[in-house]
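Novice: The structure under discussion is supplied below as structure tokens; questions concerning it will follow.
Please treat every number below as a calculation from the coordinates, not as lab data. All values derive from a computational prediction rather than experimental measurement. Neighbour counts run over all protein chains shown; Cβ positions are idealised from the backbone, glycine included.
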Amino acid sequence: MKGNDKLIAALNGLLADELTAINQYMVHSEMCDNWGYEKLHKHFEKRAIDEMKHAEMLIGRILFLEGLPTVSVLGKITIGSDVAKQLANDHSAEEGAIKAYNDAIVIAGEVRDAATRDFLQKILNDEDAHMDGIEELQDQIGQMTIQTFLTTQVKA
């Protein structure tokens, strides 16, 4: 099914965002593993896997719309030098993703591609959950202090 060029371009933009997020989350995961924060390591690793699944889904949708997935473009990867900065950077990235998905949903509506709109809504729901998870961890840091929070993140 031949898709709309503007929508395919938007999907490729989202794909670039997801590929960027994979890299950022994987580095944050490995940094936390190196520091001994096993729970955060697993948290970031799972998030990277979620983003990989989103990228896979976007590639499939672009191909279905007879577009060519662009996997050679990444956005700016922002690595945090400590856990608080990692979470702040990830929060910012998820904010951008939520905006981008909402914008792409509007485009899908404008070109009357309800199936792609619904597909994007499902991923947007995941991104909202990612944001909620980040904010939950940031709230815990705010309530406990970073030092106490980090003691809860080591392997038991």
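Novice: Placing one identical point scatterer on every Cα of the stretch 51-156 and ignoring solvent, what is log10 I(q)/I(0) from the Debye formula at q = 0.12, 0.21, 0.24 Å⁻¹?
Specialist: Here the Debye-derived log intensity ratios amount to -0.54, -1.16, -1.36.
Novice: Subtracting the Cα-Cα distance from 0.36 nm times the residue separation, let me have the gained length for residue 63 to residue 34 in nm, one decimal.
Specialist: 6.6 nm is the gain from fully extending residue 63 to residue 34.
Novice: Determine, for the chain, the count of lysine pairs separated by eight or more sequence positions (or lying on different chains) whose alpha-carbon distance falls under 19 Å.
Specialist: So the count of such lysine pairs works out to 13.
Novice: Over all pairs of distinct alpha carbons, what does the Kirkwood formula give as the hydrodynamic radius of the stretch 1-96, in Å?
Specialist: 14.0 Å
Novice: I'd like the orientation of helix 83-110 relative to the chain: the angle between its Cα long axis and the longest Cα principal axis, in ° from 0 to 90, rounded to 10.
Specialist: Tilt relative to the chain: about 20 degrees.
Novice: Measure nothing but the geometry: give the 0 to 90° angle between the long axis through the Cα atoms of 5-35 and the longest principal axis through the Cα atoms of the chain, rounded to 10°.
Specialist: Orientation of helix 5-35: about 20 degrees from the principal axis.
Novice: Let me ask something else. Pick out, in residue order, every one of the GluC sites (Glu not before Pro) in the stretch 27-113 that is DSSP loop and has at most 14 other C-beta atoms within 10 Å; say none if there are none.
Specialist: In loop regions of the stretch 27-113 (DSSP not H, G, I, E or B), the sparsely surrounded GluC sites (Glu not before Pro) are 66.
Novice: Given points 7 Å out from each Cα along the Cα-Cβ axis, report the residue 6 to residue 114 separation in nanometres with one decimal.
Specialist: The modelled label-to-label distance comes out at 2.0 nm.
Novice: If you plug each phi of the stretch 141-153 into the Karplus form 6.51 cos²θ - 1.76 cosθ + 1.60 with θ = phi - 60°, what whole-Hz ³J(HN,Hα) values come out, in order, with x for Gly and Pro?
Specialist: Along the stretch 141-153, the couplings run 4, x, 7, 9, 5, 4, 5, 5, 4, 5, 5, 7, 9 Hz.
Novice: What's the FRET efficiency of residue 143 with residue 88 using the Cβ-Cβ distance as r and R₀ = 22 Å, to the nearest 0.05?
Specialist: The value I calculate is 0.85.
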